[in-house]
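S.K.: The structure's right below; bear with me while I get my questions together.
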Amino acid sequence: MEKILEVNDLHVSFDTFAGEVKAVRGVNFHLNKGETLAIVGESGSGKSVTSKAVMGLIPNPPGRIKQGEIKFGDRNLAQLPEKEMQKIRGSEISMIFQDPMTSLNPTMTIGKQIMEGLIKHQNMNKSEAKERAIELLKLVGIPNAEGRVTEYPHQFSGGMRQRVVIAIALACNPRVLIADEPTTALDVTIQAQILELLNDLQEKMGTSIIFITHDLGVVANIADRVAVMYAGKIVETGTVDEIFYNPQHPYTWGLLGSMPSLDSTDEELIAIPGSPPDLLDPPKGDAFAPRNPYAMQIDTEMEPPLFKVSDTHYAATWLLHEKAPKVEPPAAIKKRMQGMAPDEPIIGAKDGGKHV
Amino acid sequence: MSNQEKLLEIKNLKQHFKVGKGTVKAVDGLTFDIYKGETFGLVGESGCGKSTTGRTIIRLYNATDGEVIFNGEDVHGKKSAKELKKFNRKMQMIFQDPYASLNPRMTVSDIIAEGIDIHGLASSKKARMDKVHELLETVGLNKEHANRYPHEFSGGQRQRIGIARALAVDPEFIIADEPISALDVSIQAQVVNLMKKLQREKGLTYLFIAHDLSMVKYISDRIGVMYRGEIVELAESEELYRNPLHPYTQSLLSAIPLPDPEYERSRKRKIYDPEKHLSENGEKRVLREVTEGHWIACTEEEFNKFNVTV
């Protein structure tokens with residue numbers, strides 16, 4: 001498969017009064033053409049910083065890319081001058097932000113905001129750009145696009161605004177779309193609509209998507225591959241089926257255990273104890289060790305490398321070392337790994353997705 | 001369930017806000033009961049009036065119409081300051097945003113002890129401090145945290161402080177307004193487990209307001225589904241998920257993405273269109289009990305149909 005984007009050994013730090021915060025500490029991943037890669041992690045795990053580094057949006061100062069390369073075609077985005085980056089941003093790689101309430105300019109009509117990129121990157125004149133803007137609004141499912149193109153963001157609902165943001169991001173047919181928690185601020189029914197829209201657009205346009213989220217349900221819905229981040233590193237990566245049905249890292253187990261399944265009521269949620277480490281002073285060894293019930297002596301001394309589980313599945317935990325004791329995830333999590341869908345399909349989910 | 005003691009009765013509660021020339025009917029005629037010791041979940045999309053309901057019940061707003069009867073007494077009835085104080089002690093609230101709901105200039109011990117001071121629950125400084133330490137331990141923090149300020153804590157820890165503050169006056173009933181939506185997944189589970197544990201130990205009753213249906217299902221005994229200021233369906237949580245009758249409930253349930261890729265590949269979403277769901281002769285749908293404990297907003301005719309099929 002063609003790799004469209006490759007990130008190698010990326011380190012991003014922020015200088016603060018308290019010292020250097022190592023937000024991203026050696027991240028490697030790639031994005032294939034036409035696929036959706038989900039980056040999962042809690043706040044502070046470095047998932048948004050990683051995506052902003054790809055977009056060249058790390059504010060400097062205080063932030064800087066310390067090390068590593070971001071290969072996009074034959075260019076290294078980590079070292080590209082701002083002028084060059086501006087040509088890529090919004091045309092070849094574009095981004096959807098979390099909050100559609102703040103990512104649109106309230107003083108500009110949405111038509112103008114969509115046309116901005118078209119005029120700048122594709123040398124369109126105003127009337128061409130406007131026509132394309134209307135086309136885009138139709139594409140993202142906004143009814144009466146001709147009339148609404150001259151309206152302002154406050155005249156749209158949250159879900160409709162996110163559609164406008166998606167229209168802006170797609171305006172120049174980008175090859176890579178980065179969606180940073182695009183549905184977190186939305187209601188569950190609106191979220192479902194936006195996910196359907198993104199799936200649909202990807203099929204039509206063949207865009208590659210990096211989807212950042214902390215919601216595992218959304219990941220299961222949209223991702224082809226998943227990268228799980230913790231404390232500035234990718235701790236497990238694999239296809240979506242590998243991550244949900246055969247997770248190897250105790251942190252991934254913990255994430256699955258923290259979600260209630262619709263089927264069970266009495267079993268306790270298996271919360272991950274404690275909280276994420278302070279990246280001002282990252283712990284020696286495995287950063288997850290203090291919260292990991294399966295931590296071994298070596299976890300406090302040496303960082304685990306990525307162990308290979310299959311050609312597409314890797315996990316950074318010493319438990320996969322040949323000399324490590326065999327550890328099974330807790331029964332409740334094992335049950336979840338068999339699938340969390342209810343036995344009887346919820347109404348609407350015909351031929352419901354329960355697998356044996 | 002029905003023979004259980006009612007802690008809270010809400011009767012035809014209305015909360016209308018004047019906006020310019022019009023009125024927004026945020027809550028429009030809610031009627032439901034909350035039993036002692038249960039968790040009642042209230043779900044719905046943003047703007048459906050679920051938070052307004054919570055705030056009106058605890059009298060942060062004065063109700064436009066209707067009654068809230070708590071332990072046999074009307075919350076919104078005329079009350080002397082003394083009576084109000086007594087009532088305030090029984091009912092407490094946990095807020096959504098753990099960053100905005102704690103005063104940044106107060107230490108944790110003062111935040112938690114504010115209620116204790118107001119109600120004069122501690123006889124001495126030492127007793128006050130002991131109580132604060134005990135509360136901190138109850139919610140999984142430790143004594144050393146008492147003299148710190150909110151900014152020194154993470155989101156999950158702040159929410160624990162918010163819970164400790166609510167518990168400080170030994171309430172019977174706690175309204176939790178989206179208490180976990182601002183938290184990370186792994187921390188959400190910690191807070192939910194804590195709330196469940198406290199309920200078991202102290203016999204608390206919760207009104208749990210949220211839009212995350214899977215979490216609501218997990219924590220609630222009964223669930224009310226709100227749509228445009230009204231409850232459209234109310235049932236025990238297991239029943240609601242197994243057998244949702246109202247098309248809006250069905251659409252909500254079918255929209256939840258589950259962490260199960262194979263299920264997700266085949267999930268079909270049901271779409272609720274209020275325009276298509278208008279009753280034929282303009283008859284207003286009212287909440288009727290279809291099977292025991294399962295209420296749904298329906299017309300007379302629909303009700304008869306339900307009775308045949310159920």
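The values are calculated or read from the model by the stated rules, or taken from the named source; none is laboratory data. Here the structure is a predicted model, which means the values were calculated and not measured. When we count neighbours, we look across all protein chains shown, and the Cβ atoms used for this are built from the backbone with ideal geometry, even at glycine. When the accessible area is computed, the model is the full protein with side chains, heavy atoms only, and any ligands, DNA or RNA have been set aside. Shrake-Rupley method; radii C 1.70, N 1.55, O 1.52, S 1.80 Å.
S.K.: For the range B:186-206, state whether one or more residues are open to solvent by less than 10 Å² (accessible area, probe 1.4 Å), assigned to a strand (DSSP E or B) and polar (S, T, N, Q).
M.R.: Looking through the range B:186-206, at least one residue is open to solvent by less than 10 Å² (accessible area, probe 1.4 Å), assigned to a strand (DSSP E or B) and polar (S, T, N, Q).
S.K.: Ok, one more. Can you report the number of residues in the range A:276-294 which are open to solvent by 60 Å² or more (accessible area, probe 1.4 Å) and under 19 Å from B:Gly156 (Cα atoms)?
M.R.: So the answer is 2.
S.K.: Outside any loop (DSSP other than H, G, I, E, B), over 30 Å from B:Gly155 (Cβ atoms) and open to solvent by less than 20 Å² (accessible area, probe 1.4 Å): is that true of A:Leu37 in this structure?
M.R.: Working: outside any loop (DSSP other than H, G, I, E, B): yes; over 30 Å from B:Gly155 (Cβ atoms): no; open to solvent by less than 20 Å² (accessible area, probe 1.4 Å): yes.
In short, no.
S.K.: Now for a different question. I need every pair where a residue in the range B:262-276 that is facing another protein chain (nearest Cβ under 8 Å) and under 19 Å from A:Ile243 (Cα atoms) has its Cβ under 7 Å from the Cβ of a residue that is open to solvent by 60 Å² or more (accessible area, probe 1.4 Å) and not basic (Lys, Arg), sequence separation at least 6 or different chains.
M.R.: As it stands, the answer is B:Ser266/A:Asp351, since those pairs meet every condition given.
S.K.: Residues in the range A:50-75 that are free of Cβ contacts under 8 Å to residues at least 40 places away in the same chain and open to solvent by less than 40 Å² (accessible area, probe 1.4 Å): how many?
M.R.: 1
S.K.: Checking A:Val176 against (1) within 30 Å of A:His11 (Cα to Cα); (2) touching a Cys at 6+ places or on another chain (Cβ under 8 Å); (3) aliphatic (A, V, I, L, M), which test does it fail?
M.R.: (2)
S.K.: Are any of the residues in the range B:81-93 touching a residue at least 12 places away in the same chain (Cβ under 8 Å), within 30 Å of B:Ile256 (Cβ to Cβ) and open to solvent by less than 70 Å² (accessible area, probe 1.4 Å)?
M.R.: Checked against the condition, which is being touching a residue at least 12 places away in the same chain (Cβ under 8 Å), within 30 Å of B:Ile256 (Cβ to Cβ) and open to solvent by less than 70 Å² (accessible area, probe 1.4 Å), the range B:81-93 yields at least one hit.
S.K.: Sticking with this structure for a sec: What number goes with the only condition from (1) more than 13 Å from chain A (Cβ to nearest Cβ); (2) open to solvent by 40 Å² or more (accessible area, probe 1.4 Å); (3) part of a helix (DSSP H, G or I); (4) touching a Leu at 6+ places or on another chain (Cβ under 9 Å) that B:Asp170 does not pass?
M.R.: Result: B:Asp170 fails condition (3) only.
S.K.: Do the conditions hold for B:Glu201, that is, is it free of Cβ contacts under 8 Å to residues at least 40 places away in the same chain, more than 8 Å from chain A (Cβ to nearest Cβ) and among the acidic types (Asp, Glu)?
M.R.: Taking the combined requirement at face value, the residue satisfies it.
S.K.: Looking only at the range A:220-236, how many residues end up being facing chain B (nearest Cβ under 9 Å) and open to solvent by 20 Å² or more (accessible area, probe 1.4 Å)?
M.R.: 1
S.K.: I've got another one for you. Can you tell me which of (1) modelled with pLDDT under 90; (2) buried (at least 22 other Cβ atoms within 10 Å of the Cβ) is the one B:Gly41 doesn't meet?
M.R.: Evaluating B:Gly41 over (1) modelled with pLDDT under 90; (2) buried (at least 22 other Cβ atoms within 10 Å of the Cβ) leaves (1) as the failure.
S.K.: Residues to consider are A:Thr265, A:Thr239; find the one that is modelled with pLDDT of 95 or more and surrounded by fewer than 22 Cβ atoms within 10 Å (Cβ to Cβ).
M.R.: A:Thr239
S.K.: Collect the residues in the range A:288-318 that are among the hydroxyl-bearing types (Ser, Thr, Tyr) and outside any helix (DSSP H, G or I), keeping them in residue-number order.
M.R.: Once the filter is applied, which keeps residues that are among the hydroxyl-bearing types (Ser, Thr, Tyr) and outside any helix (DSSP H, G or I), the range A:288-318 yields A:Tyr294, A:Ser310, A:Thr312, A:Tyr314, A:Thr317.
S.K.: When the range A:33-53 is examined, which residues are found to be closer than 15 Å to A:Gly63 by Cβ and small (Gly, Ala, Ser)?
M.R.: Answer for the range A:33-53, where residues must be closer than 15 Å to A:Gly63 by Cβ and small (Gly, Ala, Ser): A:Gly44, A:Gly46, A:Ser48, A:Ser51, A:Ala53.
S.K.: Now for a different question. Out of everything in the range B:257-272 that is within 27 Å of the chain's Cα centre (by Cα) and open to solvent by 60 Å² or more (accessible area, probe 1.4 Å), what residue ends up being farthest from A:Trp253 (Cα to Cα)?
M.R.: Here the residue is B:Ile271.
S.K.: Considering (1) open to solvent by 50 Å² or more (accessible area, probe 1.4 Å); (2) within 19 Å of A:Ala38 (Cβ to Cβ); (3) of a type in the set (Asp, Glu), say which one A:Asp180 fails and leave the rest.
M.R.: Just one mismatch for A:Asp180, condition (1).
S.K.: Next question, about the same structure. For residues in the range B:221-255 being open to solvent by 10 Å² or more (accessible area, probe 1.4 Å) and in a loop (DSSP other than H, G, I, E, B), which is farthest from the other protein chains (Cβ to nearest Cβ)?
M.R.: By that ranking, first place goes to B:Arg228.
S.K.: Restricting to the range A:95-136, and then to whatever is modelled with pLDDT of 90 or more, of a type in the set (S, T, N, Q) and open to solvent by less than 50 Å² (accessible area, probe 1.4 Å), can you tell me which residue is nearest to the chain's Cα centre (by Cα)?
M.R.: Among them, the one singled out is A:Gln113.
S.K.: hydroxyl-bearing (Ser, Thr, Tyr), in a helix (DSSP H, G or I) and within 14 Å of chain B (Cβ to nearest Cβ): does that describe A:Ser43? Even if it seems obvious, please write down each step before you answer.
M.R.: On the way: hydroxyl-bearing (Ser, Thr, Tyr): yes; in a helix (DSSP H, G or I): no; within 14 Å of chain B (Cβ to nearest Cβ): yes.
Spelling it out, it is not the case that A:Ser43 is hydroxyl-bearing (Ser, Thr, Tyr), in a helix (DSSP H, G or I) and within 14 Å of chain B (Cβ to nearest Cβ).
S.K.: Looking at this structure, is B:Asp110 farther than 22 Å from A:Arg291 by Cα, modelled with pLDDT of 90 or more and charged (D, E, K, R)?
M.R.: The answer is yes for B:Asp110.
S.K.: Quick one: in the range A:193-215, which of the residues that are open to solvent by 10 Å² or more (accessible area, probe 1.4 Å) and at the interface with another protein chain (Cβ under 8 Å from one of its Cβ atoms) is nearest to A:Glu42 (Cα to Cα)?
M.R.: A:His214
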